[in-house]
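**Student:** Handing you this structure, nothing more for now.
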Amino acid sequence: MTDVMQVKQAGVEDATPQSTGKRHRSRSSVILLAIAMTLVTALAAIWIIPMLFALTTSFKSPTEIAFSGFSLLPANWVAENYLALFDGVSTYPVMRWFGNSLVMSTGHAVLMVVVVSIAGYGYTRMRFPGRDVLFFVLLAVSLFPSVVNLIPLYKVVQTLGWVNSPWAMIVPGVATAANIFLVRSFMSGIPREMDEAARIDGAGDFTIFMRIILPMIRPILIVIFLFAFTGSWNDFLWPTIVFNDISNMPITAGLQLLQNLFGDYTALGQLMASAVIAMIPTTALFLVAQRYFVSSLNLTAGLKG
Amino acid sequence: MKATLRALPFIGPHLVIFAIFALIPTVYGFYIAFTRWNIIGEPTWVGFDNFQQILFEPESPFYSQFRSGLANTLIFVGIAVPLLIVVPLLLALAIGGINDRGANIFQGVFYIPGLISVSAGALAWSLMFNRDFGFINNVFGTDISFTTTQPWAWVTIFTLTVWAGIGGNLIIYRSAIANVPEQLREAAQLDGAGSVRQFFAVVLPSIRFPLLYTLVMTTALSFNVYGQPVMMTEGGPAGTTTVLMMDIRDLAFGDGPAIAGIAAAMSVMLGLVLMAISAIQFRVMFRSSDD
């Protein structure tokens with residue numbers, strides 16, 4: 001985390017990797033490059049095929065799968081698997097899970113951004129007794145692996161009456177201190193003179209936070225939102241523990257139940273349609289916000305990109 | 001006092017959530033490792049009994065369960081970690097040679113599976129490996145029951161793991177390699193160093209800190225492996241892919257009465273390994289920031 005603190009906000013906005021492609025190349029390195037490209041392209045194909053195969057299978061009718069066996073593309077492209085999911089006539093409430101996941105992941109990401117940004121302000125811009133001790137405690141506790149608190153966390157959530165409730169997915173993850181470190185290091189790059197000037201003009205902490213700090217830490221908050229959303233959407237172990245009521249599950253936990261359907265070949269199309277639907281939101285987020293994902297990975301690895 | 005009251009609206013919400021969902025459960029997690037507990041009632045203190053059982057009592061059923069869970073986890077870590085480092089490193093080198101636009105497309109292709117949930121990705125790969133309708137058996141003309149025979153069961157788990165796991169490291173390595181000073185490479189080139197020589201003499205030493213960082217992070221993540229074996233093999237065949245997290249989950253939250261004390265003791269053992277790893281991580285990062 002020390003690296004994170006030292007890399008100031010410069011890293012986030014403009015951290016797209018630069019290619020060093022324009023340099024003199026020897027003949028042997030051209031051949032090497034050609035071999036490398038062939039292998040990379042082959043590997044990229046392997047990476048895409050499972051998604052593509054899931055997609056094409058999701059457009060095959062149950063009868064086609066059962067009677068024609070294996071084929072890469074459907075003989076007839078049909079939407080009936082998706083329609084069955086939308087109409088809720090499938091064995092499992094996949095669209096309901098999808099909606100649950102949207103509510104939980106959005107709720108979690110929004111709460112995370114709000115809580116973490118104001119806490120980051122508190123720890124960097126305000127002076128109060130015990131501040132540094134408190135921050136040290138956050139740091140120390142966050143060093144303990146989450147596997148140790150898994151079982152008691154269930155007990156806590158159960159005591160609050162949150163078993164089978166969206167709150168079990170929205171709130172507990174916000175306890176992490178990692179994002180506060182991130183915001184804190186980002187804020188320390190903003191000149192204090194700006195708050196001082198506003199304070200002289202009679203602005204209080206709330207106004208300074210809303211008017212001055214918030215607009216400037218936007219990039220890091222976007223990063224935190226994206227990772228909180230995708231992290232929550234893809235969380236697997238925790239929701240399989242806190243949800244036993246099928247209709248309240250998020251989709252990631254729900255899909256585990258679908259694994260049983262592999263025995264029934266007529267269900268394969270619906271099975272793949274469900275998987276495809278579960279893949280859409282996070283993939284779409286990446287496509288619109290690729291540079292934020294890239295720059296934040298570099299930031300946490302201590303690289304300026 | 002006034003200063004604290006002013007700060008409370010800002011740090012208070014996080015502190016409350018932190019206390020309830022991080023501090024208390026962490027302390028309690030260590031405590032219940034020394035108790036017999038069924039999650040519903042009150043825990044009874046049993047001292048080191050749980051640790052004694054899983055570590056030193058061959059006649060206890062939890063002894064063999066812990067052993068095999070740990071052994072399978074170590075197999076996973078031992079194979080997955082080198083793959084998750086070497087494959088993205090080679091890819092980063094390869095796509096570093098082409099223009100930005102092309103490289104970004106490749107990077108996206110390799111990164112996106114990391115944003116797909118383990119259960120959705122596993123369903124897609126389960127179809128790929130499906131005995132009758134699967135891509136692999138049909139394209140290669142084989143008839144292998146991948147998920148129920150070894151070593152194929154492990155192969156399916158590592159396939160899913162590498163497919164979903166290389167993206168982050170790839171992005172980090174690509175940036176790190178792009179940051180290697182051009183003069184260093186040119187100097188090596190003038191000295192007559194070929195591409196391979198340049199890699200070991202110039203590139204590798206220059207990216208050692210991001211490399212160490214990813215090694216530590218990847219190792220810690222791999223010790224926590226759970227979703228891939230659950231989804232691909234359900235721990236089979238005959239428990240040979242049942243990893244420690246699956247044992248912990250089953251003991252604490254499986255069917256039948258919860259054996260949370262034993263599960264917590266196993267968690268603490270796994271936690272100790274992870275803490276040792278994060279201690280290394282801290283050393284590495286403090287050193288890298290002095291660099």
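The values are calculated or read from the model by the stated rules, or taken from the named source; none is laboratory data. As the structure is a computational prediction, the values presented were derived from the model and not from experiment. Reconstructed Cβ throughout: ideal geometry from the backbone, glycine too, with neighbour counts over all protein chains shown. Heads up: the accessible areas ignore ligands, DNA and RNA and are worked out on the full protein's heavy atoms, side chains in. Shrake-Rupley method; radii C 1.70, N 1.55, O 1.52, S 1.80 Å.
**Student:** Name the residue farthest towards the positive end of the dipole of region B:71-253 from the options B:ASN224, B:GLY96, B:SER126, assuming +1 on Cβ of Lys and Arg, -1 on Cβ of Asp and Glu, about the Cα centre.
**Tutor:** Positive-most Cα among the choices belongs to B:GLY96.
**Student:** Keeping all protein chains in place, calculate the accessible area per residue for the protein assembly as shown (probe 1.4 angstrom), answer in Å². Please list the in-between numbers first.
**Tutor:** On the way: 25590 Å² over 596 residues.
For the protein assembly as shown, the solvent-accessible area averages 43 Å² per residue.
**Student:** Still on this structure, please answer the following. Any idea how far the Cα center of region A:200-269 sits from the one of region B:45-120, in Å?
**Tutor:** 22 Å
**Student:** In Å², rounded to the nearest 100, what is the total accessible surface buried by chains B and A against each other with a 1.4 Å probe?
**Tutor:** On the way: alone 17070 and 17820 Å², together 25590 Å².
Heavy-atom accessible area buried at this interface is about 9300 Å².
**Student:** Still on this structure, please answer the following. Do any residues of region A:269-299 lose at least 20 Å² of accessible area when the full set of protein chains is present rather than just their chain alone, and if so which, with a 1.4 Å probe?
**Tutor:** At a threshold of 20 Å² (probe 1.4 Å), the residues of region A:269-299 that become less exposed are A:MET272, A:ALA275, A:MET279, A:THR282, A:THR283, A:PHE286, A:GLN290, A:PHE293, A:VAL294, A:LEU297, A:ASN298.
**Student:** Once neighbouring chains are kept in place and the probe is 1.4 Å, which whole percent of the accessible area of the protein assembly as shown is contributed by carbon and sulfur? Could you put the intermediate results ahead of the total?
**Tutor:** Working: 16750 of 25590 Å².
Here it works out to 65 percent.
**Student:** Please name the residues of region A:175-222 whose accessible area, counted over protein heavy atoms with a 1.4 angstrom probe, falls by no less than 30 Å² between the chain alone and the full protein assembly.
**Tutor:** Residues of region A:175-222 that lose at least 30 Å² of accessible area once the other chains are added: A:ALA175, A:ASP205.
**Student:** Can you list the residues in region A:48-69 whose accessible area drops by at least 50 Å² when all protein chains are present, compared with the chain alone? Use a 1.4 Å probe, heavy atoms only.
**Tutor:** A:PRO50, A:MET51, A:PHE53
**Student:** D for chain B, whole µm²/s, Stokes-Einstein with Kirkwood Rh over alpha-carbon pairs at 4 °C and 1.567 mPa s: what number?
**Tutor:** Values: Rh = 22.4 Å.
It diffuses with D of about 58 µm²/s by this estimate.
**Student:** Rounded to the nearest 500, what is chain A's calculated 222 nm mean residue ellipticity when only DSSP H runs of at least 4 contribute -39500 (n - 2.57) each, over all residues?
**Tutor:** -21000 deg cm²/dmol, from helical runs alone.
**Student:** Counting partner chain Cβ atoms within 10 Å of every residue's Cβ in A:154-162, what's the average?
**Tutor:** Mean partner shielding for this stretch: 3.
**Student:** Per-residue Cβ counts within 10 Å, from other chains only, averaged over A:118-129: what number is that? Please list the in-between numbers first.
**Tutor:** Values: counts 6, 9, 3, 3, 10, 4, 0, 2, 7, 4, 10, 4.
So the per-residue partner count for this stretch is 5.
**Student:** Place the peptides B:256-263, A:134-141 in order of packing, highest mean first, counting for every residue the other Cβ atoms within 10 Å and averaging per peptide. Write out the running numbers ahead of the final one.
**Tutor:** Values: B:256-263: 20.1, A:134-141: 15.5.
With the highest mean Cβ count within 10 Å placed first, the list reads B:256-263, A:134-141.
**Student:** For the protein assembly as shown, what does the alpha-carbon gyration tensor say about shape, rounded, prolate or oblate, given a ≥ b ≥ c as the root eigenvalues, a/c under 1.5 as rounded, and a/b over b/c as prolate?
**Tutor:** Here the protein assembly as shown falls in the rounded category.
**Student:** Okay, moving on. With springs connecting C-alpha atoms under 10 Å apart, model chain A as a Gaussian network and identify which of A:TRP162, A:TRP97, A:TRP233 has the largest mean-square fluctuation.
**Tutor:** Top of the fluctuation ranking is A:TRP162.
**Student:** Please give the peptides A:276-284, A:100-108, B:233-241, A:39-47 ranked by average Cβ packing (other Cβ atoms within 10 Å per residue), highest first, as a rough proxy for protection. Write out the running numbers ahead of the final one.
**Tutor:** On the way: A:276-284: 19.2, A:100-108: 20.9, B:233-241: 17.7, A:39-47: 15.0.
In descending order of packing, they fall as A:100-108, A:276-284, B:233-241, A:39-47.
**Student:** Hey, another quick one. Would you mind calculating the relative contact order of chain A from Cα pairs under 8 angstrom and at least 6 residues apart, reporting the percent as a whole number? All intermediate terms of the calculation are to be shown ahead of the outcome.
**Tutor:** Working: 310 pairs, mean separation 118.9, N = 305.
Relative CO of chain A lands at 39 percent.
**Student:** For helix A:218-234, report the angle its Cα long axis makes with the longest principal axis of the Cα atoms of chain A; keep it between 0 and 90° and round to the nearest 10°.
**Tutor:** 40 degrees
**Student:** State to the nearest 20 debye the size of the charge dipole of region A:169-305 about its Cα centre, where the only charges are +1 on K and R beta carbons and -1 on D and E beta carbons. Spell out each step's value before the answer.
**Tutor:** Numbers: 7 positive and 8 negative charges, 78 e Å.
With only Lys, Arg, Asp and Glu charged at Cβ, the dipole is about 380 debye.
**Student:** Next question, about the same structure. Under the definition of partner shielding as Cβ atoms of other protein chains within 10 Å of a residue Cβ, what is the mean value for peptide B:221-228? Please report the intermediate quantities before stating the final value.
**Tutor:** Values: counts 0, 0, 2, 4, 0, 4, 7, 1.
Per residue, the average neighbour count from other chains is 2.
**Student:** Moving on to the next point. Report, in order of residue number, the helices in chain B meeting two criteria: a C-alpha extent of 24 Å or more along the helix axis, and a mean Kyte-Doolittle hydropathy of at least 1.0; treat each whole DSSP H run as one helix.
**Tutor:** Correct list, ordered by number: B:61-96, B:260-290.
**Student:** Then there is this: Tell me, what is the 1.4 Å probe accessible area of B:GLU182, in Å² to the nearest 10?
**Tutor:** Its accessible surface works out to 50 Å², give or take rounding.
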